[in-house]
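All of the numbers you see were taken from the coordinates with simple rules; none came from a lab. What you see is a predicted model, and the numbers here were worked out from it, not measured in a lab. When we count neighbours, we look across all protein chains shown, and the Cβ atoms used for this are built from the backbone with ideal geometry, even at glycine.
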Amino acid sequence: MSEASVKIEVNNAVFSLPYHVALEEGYFADEGLDVQLVPAGSGRDRDKEVPDTPIEDHTAVRSYGWHEGIEHGEFSMYRACEWGQIRRTQDSHEGAQVVAKRAAVATQAIVVKGDSPYNIPSDLHDVIVGVNMHAGSHYVTLSLLEGYLSREEIRPAHVGGPKQRLKFLEEGKIGAAALMEPWITVAVKRGHKIICEAFYEGAEVAVPSMNPDAYAKIDRAVRRAVDKINEDIRPYLKYMIREVPGDIATLEKEDFFLGRFRYVYPRPYSPEEYERIYNWMVGWGLLSPESRFDAIVGKQITA
């Protein structure tokens, strides 16, 4: 079988784990695909892109962040939180569109220092919560806290990646931080407190030139990887463990609460789902009213 070459971006392992597993287990090769997994950020150093102080104005932060490589032809597809994918699709100059819901159902937790006086979500009124603007941490923070606080009392602020957010928290530059795995486990291991957390979905985005046949093969390989992960995720926790520098924490498989990891088959995005998210994002001023379903969601080629 001749191999087709496809470049796919992978960001934090918890979001892209099925792609790592599909590559490791040979599922892409079984489909006749030569898949190259491209690390998010194109070699950039997140530690060098941290603002001096947290940025509370989301309009001062570009929506593409670490995924802008798709705009420069560095890869053909990638995945991230569905809110962020909608926003980035709106801002795309290359016609990239949402093509499916991703396989990872992730969770983000808002954490505070272990000696913090905050214990429940409503304690976080007017407290700066470190996030990565236009990414899952940003949107989940808004979603979690607006059930407890007025919108005026919710203060997400851009810091950068999860490592940088944890650092700002421990240095006292922010009062709370939104984190995903493995950084939730790191925070707990370092003695910090979880205030609240929530699961959320993500979306796959692809360029218009993505070959439908190649995508169908990727989809089949990812589904096999989802099945493999759901049999036993523990052999693949290594991908998350390696993201944490040893001077911050040494994680073992036993440190993780496995109930935080959920992987499902990719599926189409329905207009009804989109409408709910569209209304919410427009209400927060995070999306243009012109960004309707047909403008954001392209031809969906997952089963």
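When the chain is treated as a Gaussian network with alpha carbon springs shorter than 10 Å, the biggest mean-square fluctuation among Q36, Q108, Q90 belongs to Q36. The alpha-carbon of K217 sits under 28 angstrom from the alpha-carbons of these lysines, leaving out residues fewer than 8 places away in its chain: K7, K101, K228, K238, K299. Note on segment 54-129 and segment 251-299: Cα centroid distance 11 Å, given to the nearest whole angstrom. Annotation note: trypsin sites (Lys or Arg not before Pro) in segment 263-303 located in DSSP loop regions with a Cβ neighbour count of at most 15 within 10 Å are R292, K299. Note on the chain: helix-only mean residue ellipticity at 222 nm, from DSSP H runs of 4+ residues weighted -39500 (n - 2.57) and normalised by residue number, equals -9000 deg cm²/dmol. Among the trypsin sites (Lys or Arg not before Pro) in segment 235-272, those placed in a DSSP loop whose Cβ has at most 14 other Cβ atoms within 10 Å are R242. For F28, F261, the sequence from fewest to most other C-beta atoms within 10 Å is F261, F28.
Contact order for the chain, expressed relative to its length and based on alpha carbon pairs under 8 Å spaced 6+ residues apart, stands at 26 percent. Here the label points at S209 and A29, each 7 Å from Cα along the C-beta direction, are separated by 2.8 nm in the simple model. Listed values for segment 116-133 are Karplus-derived 3J(HN,Hα) couplings in whole Hz (6.51 cos²θ - 1.76 cosθ + 1.60, θ = phi - 60°), namely 5, x, 7, 9, 9, x, 5, 5, 8, 5, 6, 9, 6, 10, x, 9, 10, 4, and x replaces Gly and Pro.
Cβ-Cβ distance of R242 and S270, R₀ of 30 Å, FRET efficiency by 1/(1 + (r/R0)^6): the value works out to about 0.25. Backbone N atoms of segment 230-247 closer than 13 Å to the 7 Å Cα→Cβ label point of D47 belong to residues 244-247.
Over the C-alpha atoms of segment 107-200, the Rg to Rh ratio, Rh being the Kirkwood estimate, stands at 0.91.
Among the trypsin sites (Lys or Arg not before Pro) within segment 104-210, not one is in coil by DSSP while having at most 11 neighbouring Cβ atoms inside 10 Å.
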